[in-house]
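*Asks:* Would you mind keeping the following structure in view while I ask a few things?
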Amino acid sequence: MDYKKYRVPTKGKINLKDYDPDDSSEFDGKKKDGQDTLLKLNQEIEALQEQMFAEGKRRLIVLVQAMDTAGKDGVIRYVFEGVNPSGVRVAAFKAPSAIELSHDYLWRVHAQTPGKGEIVIFNRSHYEDVLVVRVHNLVPQEVWSRRYEHINNFEKMLVDEGTTILKFFLYIDPKEQAKRFLARVEDPTKQWKFNPGDLEERKYWVEYMQAYEDVLNKTSTDYAPWYVIPSNKKWYRNLLIANILRDTLKGFNMGYPEPPADLEVYHKKLLEMTLSDEV
Ligand code: ATP
Ligand code: MG
């Protein structure tokens, strides 16, 4: 699957209006085929993640940003289906606590970055500090406008020190969001997810898109690129991200760690043990 066109270029300026949230043009097949392909990708990702954990050398951040209902939780559930929880962790960034606010805005983020062999999924991230914070004037413009540069430098440091960073913006349109809110309200098993406050946030859609556009234009870098993922179709969203993740993991060219010395000797001993009741 070719996903180059969803990667935000590091030069020039993109306009979100040029992306179509309904797009599913890079997959040659129907929804069902897409879902079947995802299941195969899940198995590949599972095996590669196992290897990453065994090797214990690389670190990976999968960062997901989106408007409400665009599918951050769905991506986490369906793209990472089957991975070994020992090596994968989700870090969710909500409104900062008092102690978090008493530090700089990257403090809580740095604390969640992966250790060797680990994948950390960022459900929201430091980008909230130039998104919600900007849209709601939580700090003055002179403060948030400096942050793009901090963020680029922070991510550069992480990458220089051996972390890989994938950044996904799940792009839906307001009509799709309304449909998904409605589905939550109508389904007794989803009603708990409905937060009336999210409807207030929706009123700032235009401001959010402006803020996202600036994020994409200012912080898509060669070392930590953004992808705009068309997300009106959930299956296509999951498939695209799974492809990018699989290719990224494959690109690590991992091997398994060296086995202990004298493996042959142990092999022989173990064969004998299986034939005897002695310990
Ligand atoms: P989500 O909305 O991510 O699916 P949730 O509904 O469980 O998760 P919420 O209570 O909505 O959790 O928490 C996320 C909220 O926290 C969002 O409204 C987000 O904008 C806000 N938030 C995250 N980071 C910051 C920040 N740095 N400053 C202010 N608000 C933030
Ligand atoms: Mg929420």
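*Asks:* Quick one: K233 ticks every box in (1) out of contact with any strand residue (DSSP E or B) (no Cβ under 9 Å at 6 or more places or on another chain); (2) open to solvent by less than 30 Å² (accessible area, probe 1.4 Å); (3) charged (D, E, K, R) except a single one, so which number is it?
*Replies:* So K233 meets the others, but not (2).
*Asks:* Criterion first (away from ligand 2 (no atom under 16 Å from the Cβ), in a loop (DSSP other than H, G, I, E, B) and hydrophobic (A, V, I, L, M, F, W, C)) does F27 satisfy it? Before the answer, list the steps.
*Replies:* Details: away from ligand 2 (no atom under 16 Å from the Cβ): yes; in a loop (DSSP other than H, G, I, E, B): yes; hydrophobic (A, V, I, L, M, F, W, C): yes.
Taking the combined requirement at face value, the residue satisfies it.
*Asks:* Which residue out of L106, L16 is closer than 19 Å to A224 by Cβ and either aliphatic (A, V, I, L, M) or within 16 Å of ligand 2 (Cβ to nearest atom) (or both)?
*Replies:* Within the list L106, L16, the selection yields L106.
*Asks:* I'd like the full set of residues that are open to solvent by 100 Å² or more (accessible area, probe 1.4 Å), part of a helix (DSSP H, G or I) and under 17 Å from E50 (Cβ atoms), limited to region 248-273.
*Replies:* Within region 248-273, just K250 meets the criteria.
*Asks:* Moving to a separate point now. Looking only at residues that are touching a residue at least 40 places away in the same chain (Cβ under 8 Å) and buried (at least 18 other Cβ atoms within 10 Å of the Cβ) in region 136-153, which one is farthest from the chain's Cα centre (by Cα)?
*Replies:* Checked region 136-153; the qualifying residue farthest from the chain's Cα centre (by Cα) is R147.
*Asks:* Follow-up. Just one of (1) away from ligand 1 (no atom under 12 Å from the Cβ); (2) within 13 Å of A224 (Cβ to Cβ); (3) free of Cβ contacts under 8 Å to residues at least 40 places away in the same chain trips up H126, so point out which.
*Replies:* Going through (1) away from ligand 1 (no atom under 12 Å from the Cβ); (2) within 13 Å of A224 (Cβ to Cβ); (3) free of Cβ contacts under 8 Å to residues at least 40 places away in the same chain one by one, H126 breaks only (1).
*Asks:* Pick from E186, E200: which is away from ligand 1 (no atom under 13 Å from the Cβ) and over 24 Å from the mean Cα position of the chain (by Cα)? Step through it out loud before you land on a result.
*Replies:* Numbers: E200 fails: away from ligand 1 (no atom under 13 Å from the Cβ).
Among E186, E200, only E186 is away from ligand 1 (no atom under 13 Å from the Cβ) and over 24 Å from the mean Cα position of the chain (by Cα).
*Asks:* Also, quick follow-up: Where the second residue is modelled with pLDDT under 95 and part of a helix (DSSP H, G or I) and the first is closer than 11 Å to L131 by Cβ and open to solvent by 30 Å² or more (accessible area, probe 1.4 Å) and lies in region 209-221, which pairs have Cβ atoms under 9 Å and are six or more apart or on separate chains?
*Replies:* Every condition considered, no pair remains.
*Asks:* Can you give me the number of residues within region 196-207 that are more than 12 Å from ligand 2 (Cβ to nearest atom) and either open to solvent by less than 60 Å² (accessible area, probe 1.4 Å) or not in a helix (DSSP H, G or I) (or both)?
*Replies:* 3
*Asks:* Out of everything in region 242-266 that is of a type in the set (D, E) and farther than 30 Å from W226 by Cβ, what residue ends up being modelled with the lowest pLDDT?
*Replies:* E258
*Asks:* Quick one: in region 160-195, which of the residues that are touching a helix residue (DSSP H, G or I) at 6+ places or on another chain (Cβ under 6 Å) and part of a loop (DSSP other than H, G, I, E, B) is farthest from ligand 2 (Cβ to nearest atom)?
*Replies:* K190
*Asks:* Here are K190, K175, K179, K167: which of them is within 20 Å of E128 (Cβ to Cβ) and either at pLDDT below 95 or not aromatic (F, W, Y) (or both)?
*Replies:* Sole residue among the options that is within 20 Å of E128 (Cβ to Cβ) and either at pLDDT below 95 or not aromatic (F, W, Y) (or both): K167.
*Asks:* Here's another thing I want to ask about it. Run down A95, A70, A54 and say which single residue is open to solvent by less than 50 Å² (accessible area, probe 1.4 Å) and within 16 Å of ligand 2 (Cβ to nearest atom).
*Replies:* A70
*Asks:* Something else about it: Given L131, L138, L101, which one is in contact with a helix residue (DSSP H, G or I) (Cβ under 8 Å, 6 or more places away or on another chain) and away from ligand 2 (no atom under 16 Å from the Cβ)?
*Replies:* Details: L131 fails: away from ligand 2 (no atom under 16 Å from the Cβ); L101 fails: in contact with a helix residue (DSSP H, G or I) (Cβ under 8 Å, 6 or more places away or on another chain).
Result: L138 is the single residue among L131, L138, L101 that is in contact with a helix residue (DSSP H, G or I) (Cβ under 8 Å, 6 or more places away or on another chain) and away from ligand 2 (no atom under 16 Å from the Cβ).
The values are calculated or read from the model by the stated rules, or taken from the named source; none is laboratory data. This is a predicted model, so every value here is computed, not measured. In this analysis, Cβ positions are derived from the backbone assuming ideal geometry, glycine residues included, and neighbour counts consider all displayed protein chains. With ligands, DNA and RNA removed, areas are computed over all heavy atoms of the protein, side chains included. Shrake-Rupley method; radii C 1.70, N 1.55, O 1.52, S 1.80 Å.
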